[in-house]
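Down below is the structure, laid out as structure tokens.
Throughout, read-outs are computed from the coordinates displayed, never taken from laboratory work. The shown structure was predicted, so the numbers you read here are calculated from the model rather than taken from an experiment. Cβ placement follows ideal geometry from the backbone for every residue including glycine, while neighbour counts extend to all protein chains displayed.
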Amino acid sequence: MTRLDSSEVVRVRLDLSYDGTDFLGWAVQPGLRTIQGDLESALARIVRDDDGGSVAVRTTVAGRTDAGVHARGQVAHVDVPVASWARMAGHSRRTLEQGMRHRLDGVTADDITVRRATVVPASFDARFSAMERRYAYRVCDEVSLRDPLTRRHVLWHDRALDVDALNEAAATLVGLRDFAPFCRPRHGATTVRDLTELSWERIPTGPDAGLVVATVRADAFCHSMVRSLVGALLDVGEGHRDLSWLARVAATGGRSGAVAVAPAHGLTLEEVTYPPDEQLAARALATRARRNP
């Protein structure tokens with residue numbers, strides 16, 4: 001298996017979507033099906049050296065989604081050998097980028113779609129260059145609106161939700177703060193995050209009509225942070241808890257046992273945003289500095 005240094009590769013950004021139902025999350029786990037595992041297996045089939053042998057390529061992802069969580073706007077990057085990249089179009093009239101996207105999409109299962117493959121500067125880092133991640137959490141709180149065709153990405157909630165109460169509670173959590181009460185801790189990792197939006201809306205029209213949908217934006221998220229925030233807010237939105245309870249939870253020094261983590265299948269990573277190319281390196285340096293105090 002060939003290994004390459006950075007001078008011999010082209011960095012490619014992959015924009016992908018997936019239904020997370022049948023995956024044990026993003027990260028590779030021996031003997032288990034994961035998105036990274038499937039994607040890297042597909043890459044191994046199309047990224048070859050001059051002798052046709054496999055090349056060791058690894059993906060870096062914007063956000064490691066948990067088991068059962070979906071994505072419409074996930075981003076990853078991979079370094080492809082220059083020679084292999086030059087062969088991506090094959091004998092077709094596709095561009096090299098179109099050729100890689102077509103090849104990858106042809107060898108991944110139907111629950112993963114590679115939407116774009118784009119050459120990016122070497123300074124692009126799918127994880128550390130990201131400015132913001134946006135998630136949506138979809139809830140159906142009305143029995144008559146339950147749709148079996150969407151049950152894999154919508155939570156069926158048994159109690160009616162008060163959207164005004166949800167938003168009043170959510171507003172108390174927005175901003176730069178330590179979200180340790182809502183995170184599953186990882187050794188050496190900071191739990192300070194800048195939560196720029198946490199809002200709820202009952203959607204009036206379109207595919208999500210009648211659903212109560214949370215929009216959650218931040219520079220980054222801790223492990224299970226979005227689902228913990230949603231779980232706490234659902235308790236308030238259904239009238240089971242009040243704002244004083246939420247304030248006590250938010251003031252807890254570490255992970256709060258009072259917070260129920262909302263089910264994974266209601267959560268979708270919708271979008272990851274990045275700065276202009278000339279700011280990528282600076283953004284990655286600043287992010288690494290915050291993540292590794």
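With the chain treated as a Gaussian network of Cα nodes joined by springs under 10 Å, which of 157, 265, 187 yields the largest mean-square fluctuation?
So, out of 157, 265, 187, the one fluctuating most is 187.
Using Cα pairs under 8 angstrom and six or more residues apart, how large is the relative contact order of the chain, in percent?
Working: 605 pairs, mean separation 64.3, N = 293.
Relative contact order comes out at 22 percent.
Report, for the chain, the % of DSSP beta bridges that are antiparallel, rounded to 5.
On the way: 43 of 48 bridges.
The antiparallel proportion sits near 90 percent.
Evaluate the distance, in nm, between pseudo-label points positioned 7 Å from the Cα of residue 82 and of residue 285 along their respective Cα→Cβ axes.
That separation, rounded to one decimal, is 2.6 nm.
Out of these labelled values of mean projected area of the Cα convex hull in nm², (1) 20.7; (2) 14.0; (3) 17.1, which was calculated from the coordinates shown here?
After the calculation, the listed value that fits is (3).
Under a Cβ-Cβ cut-off of 12 Å, what is the net charge of the residues other than residue 143 that fall near it, where Lys and Arg count +1 and Asp and Glu count -1? Can you show the working numbers first?
Working: positive: 146, 159; negative: 141, 142, 147, 158.
Combined, the nearby Lys, Arg, Asp and Glu give -2.
Tell me, what is the percent relative contact order of segment 6-128, built from C-alpha pairs under 8 Å that lie six or more residues apart?
On the way: 238 pairs, mean separation 47.1, N = 123.
Relative contact order comes out at 38 percent.
How far is the Cα center of segment 139-164 from the Cα center of segment 74-95, in Å?
Rounded to whole Å, the Cα centres lie 42 Å apart.
Can you classify segment 6-128 as rounded, prolate or oblate using the Cα gyration tensor, where a ≥ b ≥ c are the square roots of its eigenvalues, rounded means a/c under 1.5, and otherwise it's prolate if a/b beats b/c and oblate if not? Can you show the working numbers first?
Values: a/c = 1.63, a/b = 1.53, b/c = 1.06.
Here segment 6-128 falls in the prolate category.
Sort by residue number and report every cysteine in the chain with no other cysteine beta carbon within a distance under 4.7 Å.
Taking the Cβ cut-off of 4.7 Å, the unpaired cysteines of the chain are 140.
Quick check: net charge around residue 235, other residues with Cβ under 15 Å of its Cβ, Lys/Arg +1 and Asp/Glu -1? Before the final figure, lay out each step's value.
Working: positive: 159, 227, 241, 248; negative: 141, 158, 162, 168, 238, 242.
Charge balance near residue 235 sits at -2.
Summing Lys, Arg as +1 and Asp, Glu as -1, what charge do residues with Cβ under 12 Å from the Cβ of residue 249 carry, residue 249 excluded?
Numbers: positive: 241, 248, 255; negative: 235, 242.
Its environment carries a net charge of +1.
Can you tell me the dipole magnitude for segment 87-177 around its Cα centre, using point charges on the Cβ only (Lys, Arg +1; Asp, Glu -1), in Debye to the nearest 20?
On the way: 16 positive and 13 negative charges, 161 e Å.
The dipole of segment 87-177 has a size of about 780 debye.
Tell me, what is the percent relative contact order of segment 132-272, built from C-alpha pairs under 8 Å that lie six or more residues apart? Present the calculation step by step, with values, prior to reporting the outcome.
Numbers: 273 pairs, mean separation 51.1, N = 141.
In percent, rounded to a whole number, it is 36.
Sorted from fewest to most neighbouring beta carbons within 10 Å, what does the list 77, 223, 91, 70 look like? If you can, show how the numbers build up before the last one.
Working: 77 21, 223 14, 91 6, 70 25.
Starting with the residue having the fewest Cβ neighbours, the order is 91, 223, 77, 70.
Output needed for segment 132-272: three equivalent-ellipsoid semi-axes, defined as square roots of 5 times the C-alpha gyration tensor eigenvalues, in descending order, whole Å. Please report the intermediate quantities before stating the final value.
Working: eigenvalues 120, 55, 35 Å².
Result for segment 132-272: semi-axes of 24, 17, 13 Å.
How many angstrom lie between the C-alpha centres of segment 57-73 and segment 8-44?
7
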